[in-house]
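This report refers to the structure that appears directly beneath it.
The values are calculated or read from the model by the stated rules, or taken from the named source; none is laboratory data. Being a predicted model, the structure only gives us computed values, none of them experimental. Here the Cβ positions follow ideal geometry from the backbone for every residue, glycine too, while neighbour counts run over all protein chains shown. Only protein heavy atoms, including side chains, enter the accessible area calculation; ligands, DNA and RNA are left aside. Shrake-Rupley method; radii C 1.70, N 1.55, O 1.52, S 1.80 Å.
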Amino acid sequence: MFSFVESWPLWAQLIAYVVGMGVGVFCLVKFCDIFVGAASAIAKKLKISPMIIGLTVVAMGTSLPELAVSTSDSIATLIDGGNANVAIGNVVGSNICNLLLVLGLSVVFTPIVVQKNVIKREFPMLMGVTVLLVLFICLFGLNSVCSSTDIAITRWESIVFIVIFIIYVTYLVLDAKRGQKLNAELPAEEVEIVDMPWLKAIVLVVLGGAGIILGGELVVFGAKGLALEGAVAIGVDHDLAEALIGLTIVAVGTSLPELVTSVVAAKKGENEIALGNVIGSNIFNALFVLGIAGTVNPLTSGGQLIVDAFVMLAATVLAFVVSIKGKLKKVDGVIFLVCYVGYVAYLIARTLVTM
């Protein structure tokens, strides 16, 4: 899409990559908000319960940046070949970022009380999805559509993710409806939805969707361009350079909606939103984002991603174990943040050691 940049001088290309990534992240965050708001308004006009809108449109909305980036990278590899290091690294990196950076910052602002239903239902679901993803990468992805040194999320694995995602969302909706009936005397927790005319809502949905797609393209363009030029300049492996950017810069950029939502919620004392947002986003990233992107085209990546997948699993286990006591304290947030800094340092060292 931006192949004309390749004819520019190197300094101009580097500026284009940096600006492209920055503008792309801005588009993802801004147009994601526009899309979710307009889609929620349309759903409300169709007489869909605000509760259902919150569990579907709004919940999936925070995963739209990851979906845009991973799907764009999937399409790019389908057309140009190569590995989808940004696509897979974006999801794995975003999930690690959500658990260690986003949740860590939220807890540092204010302690989070963990409800029993989160320990009994949400965390086990996240654990199961994470273990399944790691198993798919380690057991079924090797030597399937890639070389022995690479891993892959195959198309059939992606379809399994989509099926589980549909079952999970259906369960959430039915369970929420059942809970609403059992507690009919209590006011239902609703999502604040702004009313707008039909035409405006439709235009904003189209505009938001287009902006998200453009943002995804720009982020992939910038990330892959910087990775390639950086790999050539300092003599590191291209796949490792792509993975580094996908697992860090792109992951943090696409996690901005979760970061803003969780930190603001934590500062307001809305503990369940802060924690639930992180858990729900990680489940949606693995099932929804990888499911769609991998169905478009099997996602291949360098074998080093196996280590990152286990880091994601370890971060999930850590968050679960710490949450069992019923409250996340500031010291827990500091531990999460230190772990994230250590992980980023490891990624940089892993990339530079190939020089």
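Structural remarks
- Within the stretch 40-56, considering residues that are open to solvent by 40 Å² or more (accessible area, probe 1.4 Å) and part of a helix (DSSP H, G or I), the one farthest from ASP195 (Cα to Cα): LEU55
- Members of the stretch 105-116 found to be within 15 Å of LEU256 (Cβ to Cβ) and either among the hydrophobic types (A, V, I, L, M, F, W, C) or in contact with a Cys (Cβ under 8 Å, 6 or more places away or on another chain) (or both), listed by number: LEU105
- Cβ pairs under 8 Å, 6+ apart, first in the stretch 213-238 and without any contact (Cβ under 8 Å) to a residue 24 or more places away in the chain and assigned to a helix (DSSP H, G or I), second surrounded by fewer than 21 Cβ atoms within 10 Å (Cβ to Cβ) and among the small types (Gly, Ala, Ser): HIS238/ALA231
- Matching residues, the stretch 310-323, being within 21 Å of PHE136 (Cα to Cα), of a type in the set (Gly, Ala, Ser) and either modelled with pLDDT under 95 or open to solvent by 30 Å² or more (accessible area, probe 1.4 Å) (or both): ALA314
- Scanning the stretch 330-355 for residues that are surrounded by 15 or more Cβ atoms within 10 Å (Cβ to Cβ) and either modelled with pLDDT of 95 or more or not hydroxyl-bearing (Ser, Thr, Tyr) (or both) yields ASP332, GLY333, ILE335, PHE336, LEU337, CYS339, TYR340, TYR343, VAL344, LEU347, ARG350.
- When restricted to residues that are open to solvent by less than 10 Å² (accessible area, probe 1.4 Å) and either of a type in the set (Ser, Thr, Tyr) or in contact with a Gly (Cβ under 8 Å, 6 or more places away or on another chain) (or both), the stretch 254-270 contains 3.
- Per-region count, the stretch 1-25, residues without any contact (Cβ under 8 Å) to a residue 60 or more places away in the chain and either assigned to a helix (DSSP H, G or I) or open to solvent by less than 20 Å² (accessible area, probe 1.4 Å) (or both): 7
- Of everything in the stretch 65-80 that is open to solvent by 20 Å² or more (accessible area, probe 1.4 Å) and in contact with a Gly (Cβ under 9 Å, 6 or more places away or on another chain), the residue that is farthest from GLY208 (Cα to Cα) is ALA76.
- Residue in the stretch 6-18 that is within 22 Å of SER255 (Cα to Cα) and either in contact with a Ser or Thr (Cβ under 8 Å, 6 or more places away or on another chain) or at pLDDT below 85 (or both) present: no
- Considering only residues in the stretch 26-39 that are open to solvent by less than 30 Å² (accessible area, probe 1.4 Å) and farther than 19 Å from ASP195 by Cα, the one that is modelled with the highest pLDDT turns out to be CYS27.
- Helices (runs of 4 or more DSSP H) fully within the stretch 63-170 counting 3 or more residues that are without any contact (Cβ under 8 Å) to a residue 24 or more places away in the chain: 123-135
- Among the residues examined, CYS32 qualifies as over 30 Å from ALA233 (Cβ atoms) and either touching a helix residue (DSSP H, G or I) at 6+ places or on another chain (Cβ under 7 Å) or not acidic (Asp, Glu) (or both).
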